[in-house]
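Everything on this sheet refers to the single structure shown next.
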Amino acid sequence: MSLYGLTALSVFAGFGLDCLLGDPLSAAHPVVLMGKLISFLEKRLRARFPKTPQGERTAGRIMALTVPLISAGAGLLLLYFAWRVHPWAYFAVSAFLCWQCFAARCLMTEAKKVVTCLETQGLAAGRRQVGMLVGRDTEKLTEEQVIKAAVETVAENTSDGVVAPLLWMALFGAAGGLLYKAINTMDSMVGYKNDRYLHFGRAAAKLDDGANYIPARLSALAMIGAAFLLKLDGRGAWRAWRRDRRNHASPNSAQTESACAGALGVRLGGDASYFGQLYKKPTIGDPRRPIERADVTRACNLMYGTSGLLLAFYGVLLLLGGMLL
């Protein structure tokens, strides 16, 4: 089998491993190593550049360029040496790296823990659990707001945690997945509009917006298709996406959130508090019914339906192109 065929098969194998085993974090997990690299570079770059807006922006640009290149380069090096050993050794390494880039099982598990906490330990536990998934303040959330936050997390991360890695790996193999994960990890660590990261994290945030631009829109369209297949409100998903896909400060987040809200028939978005400050945010979707605990499971099913559609499409393209032969 060709190098490209083995690479393509490793993407499917990686997704299968994620579905079966999840994404067990360890000290050697690529994302953990990326996080350590980001922290190391932030400390060193801040020390070397002046603490002015321009100095911080320059330092941030250097980090935004360095971290993805090191991450992708390390992956390419591993794959090169594996190929030199044997093609199937290459496949095994590639499949392992692809597995580490997907986060569908982990996302589902953590989101469903929110519901479990609500059911077994009450609202306070639910607030604490959802606080591990979102950046907003959760101490005063109602149960409805806790559930909404969990659904929003699943909807948004259908793109960030599943579809975007899939697209980057389909185009550039496991190294492309690592490149994307490095960009996404940087954004999650430094891409905040607060005093510390307003300037330093700007390049990382913009890079993440660019890396997710096409995947977010592809995810939304596939999610609408999955809504029909799962007998959710596909027409509602289409209407909400057409109307509300720009109702977010991020150019990408509302793409899948709007499709999910329409498919479920609930309203997402709205005002939220961050670090004690209330931010006015537009709503997404229509409140055709109150949001409920079961909507977390429905959102997870929608995530897997979306992923399955795109994987099937990828497989058809490969077969038509004869790339798996």
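The values are calculated or read from the model by the stated rules, or taken from the named source; none is laboratory data. It should be emphasised that the depicted structure is a prediction, and the values quoted were computed from it without experimental measurement. Using ideal geometry, Cβ is built from the backbone for each residue, glycine included, and neighbour counts are taken over all protein chains shown. Surface areas here come from the heavy atoms of the whole protein model, side chains and all, with no ligands, DNA or RNA. Shrake-Rupley method; radii C 1.70, N 1.55, O 1.52, S 1.80 Å.
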*Please name all residue pairs, on different chains or six or more residues apart, with Cβ atoms under 7 Å, provided the first residue is in region 44-58 and is of a type in the set (A, V, I, L, M) and the second residue is open to solvent by 50 Å² or more (accessible area, probe 1.4 Å).*
Leu45/Ile62
_Selection within region 1-43 - free of Cβ contacts under 8 Å to residues at least 40 places away in the same chain, farther than 21 Å from Ile70 by Cβ and not in a helix (DSSP H, G or I)_ = Pro24
*Residue check, Ala249 open to solvent by less than 60 Å² (accessible area, probe 1.4 Å) and either closer than 24 Å to Gly270 by Cβ or polar (S, T, N, Q) (or both)*: no
*Looking at Ser188, Ser250, which one is assigned to a helix (DSSP H, G or I) and at pLDDT below 95?*
Ser188
_Phe102 being surrounded by fewer than 24 Cβ atoms within 10 Å (Cβ to Cβ) and aromatic (Phe, Trp, Tyr)_ = no
*asked:* What's the number of the only condition in (1) modelled with pLDDT of 95 or more; (2) within 30 Å of Thr306 (Cβ to Cβ); (3) surrounded by fewer than 21 Cβ atoms within 10 Å (Cβ to Cβ); (4) touching a Ser or Thr at 6+ places or on another chain (Cβ under 9 Å) that Thr109 fails to meet?
replied: (4)
*Elements of type helices (runs of 4 or more DSSP H) in region 68-151, at least 2 residues being in contact (Cβ under 8 Å) with a residue 12 or more places away in the chain and of a type in the set (Gly, Ala, Ser)*: 87-101, 104-120
